[in-house]
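Chemist: Shown below is the structure under consideration.
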Ligand code: DNO
C-alpha cells in the first residue's frame with residue numbers, strides 16, 4: 001500500500017501541502033480540481049499545474065477523488081454520450097499526466113449524507129453523525145442548508161451549491177430511475193470508458209453509497225458485496241474496480257467488512273479507512289480511527305487488506321475536529337494525521353508478525 005492524504009487544493013483546503021509532507025509515511029495526495037463541475041472537461045494545463053504544485057512539495061498525485069459524473073449519465077438521458085465523451089477526454093488528459101487512479105461515485109442527487117456535521121462527543125471533539133429519524137424529518141430540498149450550516153464556511157465535497165440550487169429538477173430527472181436502471185446506466189458508462197482506461201492504465205474505483213441504503217426514496221446500488229460482484233461481473237475488466245471505504249460500507253452492520261475485502265482481490269484500487277460508533281440501529285457517529293473508540297475491528301480490516309496483497313493508495317478518512325482546529329468537517333489535519341499514524345502502526349505490526 002501507499003499511505004496518502006486527501007487534499008482539496010490551494011484555496012479550498014485549510015491544510016497546506018508542506019504539513020501533509022511532514023506526516024510520517026505519507027508520500028502522495030489524493031486530490032482534485034475542486035472547482036470543476038460534473039460534465040466539465042479537465043484541461044491539460046490545469047492538470048499539469050496541479051501536478052507541478054504537488055510535486056514541488058515533495059509529494060506526488062496518487063489519485064483523483066473525484067471526477068464527478070454528470071446526472072445525464074446516471075439517469076441515462078439522450079445527452080449522456082456527450083458527457084461520457086467529455087469524461088473520456090478528462091481521463092485521457094489525466095492519463096497523459098501519469099495519473100492512474102480515479103475515484104467516482106454513482107449516487108443519485110446526493111453524495112454522502114449526514115444529519116449533523118458537528119456532534120459533540122464526551123471528550124469535546126466534534127464529529128459527523130447520522131440519525132435516521134432526523135433525516136426522515138428533513139425535506140430533501142432543505143438538505144443542502146442542513147448539510148452546510150455547520151461546514152465552517154467550507155465547500156463540501158459532493159454538495160456543490162450549483163447542483164443543489166437545482167434540487168427539484170434533479171429529483172424530477174430521477175423519477176423513473178430504479179436500481180435496475182441505475183445498474184444499466186453504470187454498465188453503459190463503464191463499457192464506454194474502459195478503452196481509455198486500458199490505454200492509459202487508469203484504475204476506476206467506484207466509491208460506495210454513504211449511507212449504504214436508499215435515501216429520500218432515491219435508489220442506491222453500491223451498497224453491499226452482492227451488488228459489487230454484480231458490477232465487477234457486468235464489466236469484467238481489472239480497471240473496473242472499487243474504493244473500499246470502511247466507513248461507508250460499515251454504515252450497514254450486515255456488511256462484513258474484512259470478508260468483503262477478502263472477496264475482492266485485485267479489484268480494490270483504493271482504500272478509505274475509518275471507524276464508526278453505533279449508538280443504535282438508527283444512529284451512528286464517526287469515531288477516532290482506533291478500534292476501541294468505535295464499533296469496527298480496525299485490525300481485521302487492515303489485516304484483510306494486507307492479506308489480499310493490496311498495493312494501492314490508502315488514506316485515513318474523516319477525522320474528528322480536535323484541538324480547536326477549524327476546517328472542512330471531517331477533513332482537518334490533526335485527527336487524520338493521528339489516523340495515519342495508527343494505520344501505519346497496524347500495517348507494520350501485521351507485516352512483521354507475518355514473517
Ligand atoms: C466524503 C467522501 C465522498 C467521496 C465521493 C467519491 O467525504 O467520501 O464525497 O469522495 O463520494 O466520489
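Chemist: Could you please give the count of residues in segment 200-226 that are part of a helix (DSSP H, G or I) and out of contact with any helix residue (DSSP H, G or I) (no Cβ under 8 Å at 6 or more places or on another chain)?
Modeler: Summing the residues that are part of a helix (DSSP H, G or I) and out of contact with any helix residue (DSSP H, G or I) (no Cβ under 8 Å at 6 or more places or on another chain) in segment 200-226 gives 1.
Chemist: While we're on this one: Taking residue 87, is it within 16 Å of the ligand (Cβ to nearest atom), in a helix (DSSP H, G or I) and either touching a helix residue (DSSP H, G or I) at 6+ places or on another chain (Cβ under 7 Å) or modelled with pLDDT of 95 or more (or both)?
Modeler: Taking the combined requirement at face value, the residue satisfies it.
Chemist: State whether one or more residues within segment 164-179 are at pLDDT 90 or above, farther than 19 Å from residue 213 by Cβ and in contact with a strand residue (DSSP E or B) (Cβ under 8 Å, 6 or more places away or on another chain).
Modeler: no
Chemist: I've got another one for you. Residues 319, 339, 312, 332: which one is within 23 Å of residue 149 (Cα to Cα), in contact with a strand residue (DSSP E or B) (Cβ under 7 Å, 6 or more places away or on another chain) and within 16 Å of the ligand (Cβ to nearest atom)?
Modeler: 332
Chemist: Name every residue in segment 130-160 that is within 20 Å of the chain's Cα centre (by Cα), assigned to a loop (DSSP other than H, G, I, E, B) and either at positive phi or away from the ligand (no atom under 13 Å from the Cβ) (or both), in order of residue number.
Modeler: Result: 158, single match.
Chemist: Oh, and also: Any residue at all in segment 273-293 that is outside any loop (DSSP other than H, G, I, E, B) and under 23 Å from residue 102 (Cα atoms)?
Modeler: yes
Chemist: Checking the structure you have, find out if any residue of segment 107-117 is within 16 Å of the ligand (Cβ to nearest atom), out of contact with any helix residue (DSSP H, G or I) (no Cβ under 6 Å at 6 or more places or on another chain), under 21 Å from residue 245 (Cβ atoms) and part of a helix (DSSP H, G or I).
Modeler: no
Chemist: Failed condition for residue 127, given (1) surrounded by 18 or more Cβ atoms within 10 Å (Cβ to Cβ); (2) in a helix (DSSP H, G or I), with all others met?
Modeler: (2)
Chemist: I'd like to verify a number: residues in segment 200-223 that are without any contact (Cβ under 8 Å) to a residue 40 or more places away in the chain and surrounded by fewer than 19 Cβ atoms within 10 Å (Cβ to Cβ), how many?
Modeler: Matching residues across segment 200-223 total 3.
Chemist: Next question, about the same structure. Checking residue 350 against (1) part of a helix (DSSP H, G or I); (2) out of contact with any helix residue (DSSP H, G or I) (no Cβ under 6 Å at 6 or more places or on another chain); (3) in contact (Cβ under 8 Å) with a residue 12 or more places away in the chain; (4) away from the ligand (no atom under 16 Å from the Cβ), only one condition comes out false. Which one?
Modeler: (2)
Chemist: Quick test for you: out of 204, 173, pick the one residue that is over 28 Å from residue 277 (Cβ atoms) and under 17 Å from the mean Cα position of the chain (by Cα).
Modeler: 204
Chemist: Ok, one more. When segment 130-140 is examined, which residues are found to be in contact (Cβ under 8 Å) with a residue 24 or more places away in the chain and more than 21 Å from residue 166 (Cα to Cα)?
Modeler: 130, 131, 132, 133 - these are the residues of segment 130-140 that are in contact (Cβ under 8 Å) with a residue 24 or more places away in the chain and more than 21 Å from residue 166 (Cα to Cα).
Chemist: List, please: which pairs have Cβ atoms under 9 Å, are six or more places apart or on different chains, and start with a residue in segment 141-166 that is within 16 Å of residue 107 (Cα to Cα) and end with one that is assigned to a helix (DSSP H, G or I) and within 12 Å of the ligand (Cβ to nearest atom)?
Modeler: 156/147; 159/147; 164/147
Chemist: With the requirement that a residue be out of contact with any helix residue (DSSP H, G or I) (no Cβ under 7 Å at 6 or more places or on another chain), within 16 Å of the ligand (Cβ to nearest atom) and either in a helix (DSSP H, G or I) or without any contact (Cβ under 8 Å) to a residue 40 or more places away in the chain (or both), what does segment 232-263 give you?
Modeler: Answer for segment 232-263, where residues must be out of contact with any helix residue (DSSP H, G or I) (no Cβ under 7 Å at 6 or more places or on another chain), within 16 Å of the ligand (Cβ to nearest atom) and either in a helix (DSSP H, G or I) or without any contact (Cβ under 8 Å) to a residue 40 or more places away in the chain (or both): 241, 247, 248.
The values are calculated or read from the model by the stated rules, or taken from the named source; none is laboratory data. Predicted model only: the values in this text are computed from it and were never measured. Cβ sites come from the backbone with ideal geometry, for glycine too, and all protein chains shown count toward neighbours.
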